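S.K.: After the structure tokens below, expect a handful of questions from me.
The values are calculated or read from the model by the stated rules, or taken from the named source; none is laboratory data. Here the structure is a predicted model, which means the values were calculated and not measured. For neighbour counting, all protein chains shown are included, and Cβ atoms are generated from backbone atoms with ideal geometry for every residue, glycine included.
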Amino acid sequence: MSESRPMLEVTGLSKSFGGVMAVSDVHMQLKEGELLGVIGPNGSGKTTLVNLITGFSKPQSGKIVYKGKRITGWPPYRIVTLGIARTFQMVRPFYQLPAYKNLIVPLYSPRVKRLAGGRYGDRDAVALDLLEEVGFERDAYVSYKVASALPQGYLKRLELAKVMALRPDLIILDELFSGLSLAEVASIVPIIEKLRFQGKTIIMIEHRLKELFRIADRVMVLNYGEKIAEGAAEAVMESDAVKKAYLGSETD
Amino acid sequence: MEKRKERIDRGIKARSEDIFALTSYREMLYLLVPRAVPVVGLLAVTPLLSPYWQEIFISTSVYALLAISWDLLLSAGLISLGQSLFYGIGSYVAGALNYYWGWSPLFTIPVATIVGGGLCTLLLLPVLRLRGIYFAMVTLVLPIMLLRLVEATRILGGTEGLTGLTPFPNQFTAIYVIQLAVLAALFGFRRLMNSDYGLIAKGISDNDLSVMSAGINVYWHKAQILFLGAAVGSFAGAFGTHLDMFAGMPGFALDYSIMPLAAAVVGGTGTFAGPLLGAFILVPLSEILRALGALRIVFYGLFLVIFVVALPEGIFHYCQRKYHQFERWVSVK
């Protein structure tokens, strides 16, 4: 059954703010273990789509089915409990807390408690291990620094560690690469590849197309809230609708 | 040449933070003395005072309890302008149980603590989603509403209130009940906020969307903190009722909302010890100033302004810094 049914199925999803359709009648399907890239010009509704899937805003119509459960309109914490975790485009750490204490919050969640069989032991130790996994140097002071003192590259990794702490099945990364240097992106890509190797399903929203196309199985293009193309990266970028959306049409 | 103040942790602080290094009496005392000050100060000093000052210390402890409750709510990002709601409800619950059914304070106070805390939580539950000033406004309005409700419907004794309630057997019982409660709240809440549970509360006040995306039910967590704060406030109300042998509309008075807030701000928020210290400065100060007659409020206000301007971080934070760090001037090129 799980072979044939998609892990995530979105049908006819719509959301408008005032008169503007942020997401309009979007259909999408996601198989287990897949990495889907979502691209589109600024304001094309990518982040709104993530907010709808993760419960941070309620859709006006359409439905979202995850692992056979209809999760449309559920509050975010219940959706996380099912195994969908996300990062934020603008990083949202707890600025006053040390980096490793930031991870205590997801480690405290009911989902992690359940997966750990009711007991967790030393959350601090688990947090430090997770930080090492995303590239915080072990035994260096950086894990103990307050989040407000960390550079952007580390904050993005911290955001990724917060998601990994939840041990999710579906990870949604909202512009993880934005604001990072090429070298920093190059150091995060192996972490994402490792997550895929562990069998996680990933949706990546990205403006850095070159880096995205290297790791994505499939790409979906949004423009003005509508899905205008979907498929393999090269094929999608060749389509006229996508060229028009990114470069503007000549007759316009 | 420009100069800059540099603050450096004392060596003894770093040594005593590591539990394995606690080998000398100096280090143990360094940790013990600040914790012993409130315990000794409350339990040992009060019996030595004159009966008049003992009474002032009791009412100060009531305000201190409300201030500690205020600080707990703040730590989860809930700003309360209505501590009198907790006080008033606790006072009426205990008063009614004693007045109508003749329960002894031994039972009314614990029941009023739990039931009062629960009632206040239920009353504030619909607005728990509001943040900052919006939540604060509702807490300000609720006690005023309940006050008028009692006045208009004449329930629970109406404007007369419930009189002739059972008092405490003697002054010392009252002193120790309230002061042990203050110490329990002080050390209990400090411990709670240092645990992972408290970390979530801090996370909520810092960035609630981030806590939500970590799979934690923010409203449920906030409701739990609200219940704890409200229960402590209700305890203060129930205690005050039996102390005054009276439950009535003054329980919802603005005093019980403003004084804890002022105490927390003057003492330093986020530590529970700060609000306690603040209450023990402001309430006795207002008593001392009685000698000034009509000018009392003027001088009281003046003192408040001086405190807030001179030590905006709060007295407790200032003392804590002086205790843990030394300062020196270094020249900056």
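S.K.: Taking region A:92-105 only, how many residues are facing chain B (nearest Cβ under 7 Å), in a helix (DSSP H, G or I) and more than 29 Å from A:Val65 (Cβ to Cβ)?
M.R.: Summing the residues that are facing chain B (nearest Cβ under 7 Å), in a helix (DSSP H, G or I) and more than 29 Å from A:Val65 (Cβ to Cβ) in region A:92-105 gives 2.
S.K.: For region A:150-164, does any single residue satisfy the condition of being more than 10 Å from chain B (Cβ to nearest Cβ), assigned to a loop (DSSP other than H, G, I, E, B), surrounded by 15 or more Cβ atoms within 10 Å (Cβ to Cβ) and hydroxyl-bearing (Ser, Thr, Tyr)?
M.R.: Initially, region A:150-164 is screened for residues more than 10 Å from chain B (Cβ to nearest Cβ), giving A:150-158, A:160-161, A:164.
Now narrow it down to the ones that are assigned to a loop (DSSP other than H, G, I, E, B): A:150-151.
Filter once more, so that each one left must be surrounded by 15 or more Cβ atoms within 10 Å (Cβ to Cβ): A:150.
Still in the running and hydroxyl-bearing (Ser, Thr, Tyr): none.
No, that holds for no residue.
S.K.: Would you be able to say whether some residue in region B:170-191 is within 14 Å of another protein chain (Cβ to nearest Cβ), within 30 Å of A:Leu115 (Cβ to Cβ) and not acidic (Asp, Glu)? Before the answer, list the steps.
M.R.: Taking region B:170-191 first, the residues within 14 Å of another protein chain (Cβ to nearest Cβ) are none.
No, region B:170-191 contains no residue that is within 14 Å of another protein chain (Cβ to nearest Cβ), within 30 Å of A:Leu115 (Cβ to Cβ) and not acidic (Asp, Glu).
S.K.: Can you pull out the residues in region A:70-84 that are surrounded by 22 or more Cβ atoms within 10 Å (Cβ to Cβ) and either at positive phi or more than 7 Å from chain B (Cβ to nearest Cβ) (or both)? Reasoning before the result, please.
M.R.: Kept after step one, since they are surrounded by 22 or more Cβ atoms within 10 Å (Cβ to Cβ), are these residues of region A:70-84: A:76-77, A:79-80, A:84.
Correct list: A:Ile79, A:Ile84.
S.K.: Take B:Tyr63 and decide whether it is surrounded by 15 or more Cβ atoms within 10 Å (Cβ to Cβ), aromatic (Phe, Trp, Tyr) and within 30 Å of A:Gln96 (Cβ to Cβ). Spell out how you get there, then give the answer.
M.R.: Values: surrounded by 15 or more Cβ atoms within 10 Å (Cβ to Cβ): yes; aromatic (Phe, Trp, Tyr): yes; within 30 Å of A:Gln96 (Cβ to Cβ): yes.
Against the criterion (surrounded by 15 or more Cβ atoms within 10 Å (Cβ to Cβ), aromatic (Phe, Trp, Tyr) and within 30 Å of A:Gln96 (Cβ to Cβ)), B:Tyr63 qualifies.
S.K.: Same structure, new question: Taking region A:127-141, which residues are surrounded by fewer than 18 Cβ atoms within 10 Å (Cβ to Cβ) and at pLDDT 90 or above?
M.R.: Matches in region A:127-141: A:Asp129, A:Glu132, A:Glu133.
S.K.: Among A:Leu103, A:Leu49, which is modelled with pLDDT of 90 or more, within 19 Å of the chain's Cα centre (by Cα) and over 22 Å from A:Leu155 (Cα atoms)?
M.R.: Numbers: A:Leu103 fails: over 22 Å from A:Leu155 (Cα atoms).
It is A:Leu49.
S.K.: Residue pairs, Cβ under 9 Å, 6 or more apart or interchain, first in region A:213-231 and more than 18 Å from A:Glu34 (Cα to Cα), second among the β-branched types (Val, Ile, Thr) and outside any strand (DSSP E or B). List them.
M.R.: Short answer, once both residue conditions are applied: A:Asn223/A:Val242; A:Gly225/A:Thr48; A:Ile228/A:Val242.
S.K.: Would a scan of region B:215-230 turn up a residue that is buried (at least 20 other Cβ atoms within 10 Å of the Cβ), closer than 30 Å to A:Ile172 by Cβ, at the interface with chain A (Cβ under 10 Å from one of its Cβ atoms) and among the polar types (S, T, N, Q)?
M.R.: No, region B:215-230 contains no residue that is buried (at least 20 other Cβ atoms within 10 Å of the Cβ), closer than 30 Å to A:Ile172 by Cβ, at the interface with chain A (Cβ under 10 Å from one of its Cβ atoms) and among the polar types (S, T, N, Q).
S.K.: Looking at (1) polar (S, T, N, Q); (2) away from every other protein chain (no Cβ under 11 Å); (3) part of a helix (DSSP H, G or I), which one does A:Gln89 not meet, given that it meets all the others?
M.R.: (3)
S.K.: If you go through region A:208-252 one residue at a time, how many are assigned to a loop (DSSP other than H, G, I, E, B) and either closer than 30 Å to A:Ala183 by Cα or not hydroxyl-bearing (Ser, Thr, Tyr) (or both)? Walk me through how you get there before you give the answer.
M.R.: Filtering region A:208-252 for residues assigned to a loop (DSSP other than H, G, I, E, B) gives A:208, A:216-217, A:224-225, A:232, A:239, A:248-252.
Cutting the leftovers down to either closer than 30 Å to A:Ala183 by Cα or not hydroxyl-bearing (Ser, Thr, Tyr) (or both) gives us A:208, A:216-217, A:225, A:232, A:248, A:250, A:252.
Total satisfying the criteria: 8.
S.K.: May I pose another question? Return the residues of region A:195-206 that are in a helix (DSSP H, G or I) and either surrounded by 15 or more Cβ atoms within 10 Å (Cβ to Cβ) or in contact (Cβ under 8 Å) with a residue 60 or more places away in the chain (or both); say none if nothing qualifies. Talk me through it step by step, then tell me what you get.
M.R.: Within region A:195-206, the subset in a helix (DSSP H, G or I) is A:195-197.
Those that are in a helix (DSSP H, G or I) and either surrounded by 15 or more Cβ atoms within 10 Å (Cβ to Cβ) or in contact (Cβ under 8 Å) with a residue 60 or more places away in the chain (or both): A:Leu195, A:Arg196.
S.K.: Of all residues in region B:142-172 being of a type in the set (Val, Ile, Thr) and surrounded by 13 or more Cβ atoms within 10 Å (Cβ to Cβ), which is nearest to the chain's Cα centre (by Cα)?
M.R.: B:Ile144
S.K.: Then there's this: Is it the case that region A:40-52 has a residue that's under 30 Å from B:Asp196 (Cβ atoms), in a loop (DSSP other than H, G, I, E, B), within 14 Å of another protein chain (Cβ to nearest Cβ) and of a type outside the set (D, E, K, R)? Spell out how you get there, then give the answer.
M.R.: Our first condition is that a residue be under 30 Å from B:Asp196 (Cβ atoms); within region A:40-52, this holds for A:50-51.
Keeping just the survivors that are in a loop (DSSP other than H, G, I, E, B) gives none.
Checked region A:40-52: no residue is under 30 Å from B:Asp196 (Cβ atoms), in a loop (DSSP other than H, G, I, E, B), within 14 Å of another protein chain (Cβ to nearest Cβ) and of a type outside the set (D, E, K, R).
S.K.: With the requirement that a residue be out of contact with any Leu (no Cβ under 6 Å at 6 or more places or on another chain) and either at positive phi or outside any helix (DSSP H, G or I) (or both), what does region B:225-265 give you?
M.R.: Hits for region B:225-265 are B:Phe246, B:Gly248, B:Ala253, B:Leu254.
S.K.: Being hydrophobic (A, V, I, L, M, F, W, C), within 24 Å of B:Ile12 (Cα to Cα) and touching a residue at least 60 places away in the same chain (Cβ under 8 Å) is the filter here, so list the residues in region B:285-333 that pass it.
M.R.: Narrowing region B:285-333 to residues hydrophobic (A, V, I, L, M, F, W, C): B:285, B:288-289, B:291-292, B:294-295, B:297-299, B:302-311, B:315-316, B:319, B:326, B:329-330, B:332.
If we keep only those that are within 24 Å of B:Ile12 (Cα to Cα) too, we end up with B:315-316, B:319, B:326, B:329-330.
Once the filter is applied, which keeps residues that are hydrophobic (A, V, I, L, M, F, W, C), within 24 Å of B:Ile12 (Cα to Cα) and touching a residue at least 60 places away in the same chain (Cβ under 8 Å), region B:285-333 yields B:Phe326, B:Trp329, B:Val330.
S.K.: Looking at this structure, is A:Ile64 surrounded by 22 or more Cβ atoms within 10 Å (Cβ to Cβ), within 14 Å of another protein chain (Cβ to nearest Cβ) and either at pLDDT 90 or above or touching a helix residue (DSSP H, G or I) at 6+ places or on another chain (Cβ under 7 Å) (or both)? Break it down stepwise before answering.
M.R.: Working: surrounded by 22 or more Cβ atoms within 10 Å (Cβ to Cβ): yes; within 14 Å of another protein chain (Cβ to nearest Cβ): no; either at pLDDT 90 or above or touching a helix residue (DSSP H, G or I) at 6+ places or on another chain (Cβ under 7 Å) (or both): yes.
No, not satisfied.
S.K.: Look at A:Arg114 and say whether it is within 13 Å of chain B (Cβ to nearest Cβ), in a helix (DSSP H, G or I) and at pLDDT below 90.
M.R.: yes
S.K.: Just for region B:265-279: of the residues that are more than 16 Å from B:Arg35 (Cβ to Cβ) and not small (Gly, Ala, Ser), which one is modelled with the highest pLDDT? Please lay out each step first, then the result.
M.R.: Filtering region B:265-279 for residues more than 16 Å from B:Arg35 (Cβ to Cβ) gives B:265-270, B:275, B:278-279.
Next, from what is left, pick out any that are not small (Gly, Ala, Ser): B:265-266, B:269, B:275.
Values: B:Val265: 91, B:Val266: 92, B:Thr269: 92, B:Pro275: 95.
Only one residue tops the list, namely B:Pro275.
S.K.: Could you list all residues from region B:1-60 that are under 30 Å from B:Val330 (Cβ atoms), in a helix (DSSP H, G or I) and in contact (Cβ under 8 Å) with a residue 12 or more places away in the chain?
M.R.: Result: B:Ile12, B:Lys13, B:Arg15, B:Ser16, B:Arg26, B:Glu27, B:Tyr30, B:Leu31, B:Pro34.
S.K.: Of the conditions (1) at positive phi; (2) not in a helix (DSSP H, G or I), B:Glu313 satisfies every one except a single condition; which number is it?
M.R.: Of (1) at positive phi; (2) not in a helix (DSSP H, G or I), only one is false for B:Glu313: (1).
S.K.: Can you tell which of A:Tyr108, A:Tyr141 is free of Cβ contacts under 8 Å to residues at least 24 places away in the same chain, within 11 Å of another protein chain (Cβ to nearest Cβ) and more than 18 Å from the chain's Cα centre (by Cα)? Step through it out loud before you land on a result.
M.R.: Values: A:Tyr141 fails: within 11 Å of another protein chain (Cβ to nearest Cβ).
Within the list A:Tyr108, A:Tyr141, the selection yields A:Tyr108.
S.K.: Something else now. Got at least one residue in region B:187-203 being in contact with a Pro (Cβ under 7 Å, 6 or more places away or on another chain), in contact (Cβ under 8 Å) with a residue 24 or more places away in the chain and within 30 Å of B:Leu48 (Cβ to Cβ)? Talk me through it step by step, then tell me what you get.
M.R.: Here is the first cut: in region B:187-203, the ones in contact with a Pro (Cβ under 7 Å, 6 or more places away or on another chain) are none.
No, that holds for no residue.
S.K.: Is it true that B:Tyr87 is surrounded by 22 or more Cβ atoms within 10 Å (Cβ to Cβ) and farther than 19 Å from B:Leu192 by Cα? Lay out the reasoning, then the answer.
M.R.: Numbers: surrounded by 22 or more Cβ atoms within 10 Å (Cβ to Cβ): yes; farther than 19 Å from B:Leu192 by Cα: yes.
Against the criterion (surrounded by 22 or more Cβ atoms within 10 Å (Cβ to Cβ) and farther than 19 Å from B:Leu192 by Cα), B:Tyr87 qualifies.
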